[in-house]
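Coordinate-derived values only; no laboratory data. It should be emphasised that the depicted structure is a prediction, and the values quoted were computed from it without experimental measurement. Every residue, glycine among them, receives a Cβ derived from its backbone with ideal geometry; neighbour counts consider all protein chains shown.
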Ligand code: NAD
Ligand code: UFG
């Protein structure tokens, strides 16, 4: 049986494909390469010594989806494909709704026609908005503040409605906290396009001299050192979370949301220090005004995922930073052109 991985050439998708191959699963990747290339998939096969199938195409292509479901014995779908930049989503919201919401509906319809009912969806901690308290539990109120977040919440709602309408559906909504790090081989990692939005890729680009200094967005938050606190999670742990969710779908009924985080928050300045320790590089930084839309503090209560999925983040901050640095220093241009 095959796992269809949409967006499998991307950052989290490629790490998940690697883990799937290593556990002997057949993998079919569908990716339009809008934010990636085939190179990570080539490297995944090189690292594992195993083959995966790749189709360059779009989740919005109904005919192509029907063809894939009819030609292949697809048992489950792990759905990463989508656009993910919060800032960009406020500039081109229709592209985000079309890709992320309509694309997901199109995929779910094709699954329904094919009778494939196991679905793992990449959601985000962004669906909690600015939480009243931390750590965040899955039953906290859901509230989004930007079009990207709204697409995630809409797809979650669609999945809940779908599962209520037909009890054959088995759906896991995985709410990721802050993925970071890279595979320990140093062969695959995150390749942000343009100027990185996220903290860790920005820090690693400062370390290789591609950026002059890190802007620390605000030091007047109500946190121990005044800088923003997040729950950074090693991408390999996150990838393994998808395998655990797939296992659980065998017996899980309906649509269930799981927090994938470590339960531990780190501030921006703690992240800078941890990176300096792992890389022996100094990271110059300047305190700048807060970034609009940012919240002070966000970290998971991961107990439900541990109890239900038998999943727990195993890798700590030092490993995350060492792996990020290995990836960035060995691949200063990412995957190249
Ligand atoms: P990514 O951009 O590296 O990967 C997404 C992949 O989807 C890319 O390879 C892209 O080419 C592909 N894609 C985009 N639109 C497509 C379409 N219409 N049809 C087919 N392929 C398409 O992103 P990532 O960081 O690996 O994130 C994966 C998923 O996880 C996304 O849905 C993202 O919103 C979600 N997520 C990411 C983070 C994060 O911080 N990285 C946090 C929470 C949730
Ligand atoms: N930060 C800086 N300087 C930078 C980049 C980030 O100080 O150059 C700070 C931010 O202010 C924040 C922390 O580092 O305090 C983390 O910022 P990221 O942009 O890496 O992550 P966010 O938590 O802001 O956003 C991430 C994803 C979003 C997702 C959100 C909630 O990028 O897609 O988590 O899940 F919506």
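Here the simple spin-label model places points 7 Å from the Cα toward Cβ, and for residue 22 and residue 252 these points are separated by 2.1 nm.
With a/c under 1.5 counting as rounded, go ahead and sort segment 137-224 into rounded, prolate or oblate using the C-alpha gyration tensor (a ≥ b ≥ c being the square roots of the eigenvalues; past the cut-off, prolate if a/b is larger than b/c, else oblate). Here segment 137-224 falls in the prolate category. In this label model, residue 106 and residue 303 are separated by 4.2 nm, measuring between points 7 Å along each Cα→Cβ vector.
At 0.36 nm per residue, and after removing the present C-alpha to C-alpha distance, how many nm does the segment from residue 48 to residue 64 gain when stretched out fully?
Details: separation 16, 0.36 × 16 = 5.76 nm, distance 2.80 nm.
Contour length minus Cα-Cα distance gives 3.0 nm.
The stretch between residue 280 and residue 1, if pulled fully straight at 0.36 nm per residue, gains 95.9 nm over its current Cα-Cα span.
Extending 7 Å from the Cα toward the beta-carbon at both residue 294 and residue 329 defines two label points whose distance is 2.7 nm. Relative to the dominant Cα principal axis of the chain, helix 235-249 is inclined by about 30°.
Helix 317-330 versus the longest principal axis of the chain: what is the Cα-based angle in degrees, 0 to 90, to the nearest 10? Orientation of helix 317-330: about 90 degrees from the principal axis.
Max-minus-min Cα coordinates of segment 112-154 on each principal axis give 42, 22, 13 Å, with the largest extent listed first. Among 226, 241, 13, the largest mean-square fluctuation in a Gaussian network model of the chain, built with springs joining Cα atoms closer than 10 Å, belongs to 226. Multiplying each eigenvalue of the alpha-carbon gyration tensor of segment 155-290 by 5 and taking the square root yields semi-axes of 35, 18, 13 Å, largest first, rounded to whole angstroms. Helix 103-114 and the longest principal axis of the C-alpha atoms of the chain enclose an angle of approximately 30°.
On average over all directions, what projected area in square nanometres does segment 252-300 have, based on the convex hull of its Cα atoms?
Working: hull surface 23.5 nm².
Directional mean of the projected Cα hull area for segment 252-300 stands at 5.9 nm².
For the chain, the mean residue ellipticity at 222 nm estimated from helices alone is -11500 deg cm²/dmol, where every DSSP H run of n ≥ 4 contributes -39500 (n - 2.57) and the total is divided by all residues, rounded to the nearest 500.
All alpha carbon pair distances within the chain were sorted into 10 Å bins beginning at 0; the resulting P(r) in whole percents reads 6, 26, 37, 24, 7, 1.
Taking the DSSP bridge list for the chain and keeping only pairs wholly inside it, about 5 percent are antiparallel.
What is the packing order of peptides 106-117, 29-40, 169-180, 279-290, taking the mean over residues of other C-beta atoms within 10 Å and listing the highest first?
Numbers: 106-117: 17.8, 29-40: 19.7, 169-180: 23.8, 279-290: 13.2.
The densest-packed peptide leads the list: 169-180, 29-40, 106-117, 279-290.
Rg ratio for segment 17-115: its Cα radius of gyration over 2.2 N^0.38 Å, N being its residue count, equals 1.16.
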